[in-house]
Amino acid sequence: MGYIYYCPRCRSTYSTEKDNQQYETCPSCNIKIIPIHITTDEWHSKTDEEKEEIKKKFDDQAKLSTSQTSSNSNSIGKALRVVGAIYIVLSLIGAMILMSEDFAIGLIAGVFGCLGGLLLMGFSEIINLLQDIKNK
């Protein structure tokens, strides 16, 4: 007896002999496919409208879990973004103070301070992108 699995990315269905919580991977797009817990006989007896309704239900669940994953992005990435922004603000304040004594040194301090903050923010973006890749 075969069971139906569903891929939310390419919206394809696949049958396998197992009906379990272990995720198989989609042969087309190589992401995890979801067990629908319907036998192949039941699936073939459904109308096209019923099949689309089932697919839509699983699409909605996949979108919900993706949005929850996106909103729960890596906390290290979030922290680095905040630290980078604070670093830029403090660097600009320090640069303004230094500019009152020596304009060139203050300007250099401001530029390098902004670059350091942007570097931290760039690392935070890399960490968040890697987290997104891991979550797929």
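The values are calculated or read from the model by the stated rules, or taken from the named source; none is laboratory data. What you see is a predicted model, and the numbers here were worked out from it, not measured in a lab. We place every Cβ from the backbone using ideal geometry, glycine too, and count neighbours over all the protein chains shown.
Does Asp19 satisfy the criteria of being out of contact with any helix residue (DSSP H, G or I) (no Cβ under 6 Å at 6 or more places or on another chain), farther than 30 Å from Ile126 by Cβ and modelled with pLDDT under 80? Please lay out each step first, then the result.
On the way: out of contact with any helix residue (DSSP H, G or I) (no Cβ under 6 Å at 6 or more places or on another chain): yes; farther than 30 Å from Ile126 by Cβ: yes; modelled with pLDDT under 80: yes.
Taking the combined requirement at face value, the residue satisfies it.
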> Looking at segment 45-75, which of its residues are within 15 Å of Asn135 (Cβ to Cβ) and at pLDDT 85 or above?
Replying inline: Ser75
>> For a quick check of your reading of the model, give me the residue pairs whose first member lies in segment 36-50 and is on the phi > 0 side of the Ramachandran plot, whose second is surrounded by 12 or more Cβ atoms within 10 Å (Cβ to Cβ) and not in a helix (DSSP H, G or I), with beta-carbon atoms closer than 8 Å and at least 6 apart or on different chains.
In response: His37/Tyr3; His37/Asp19
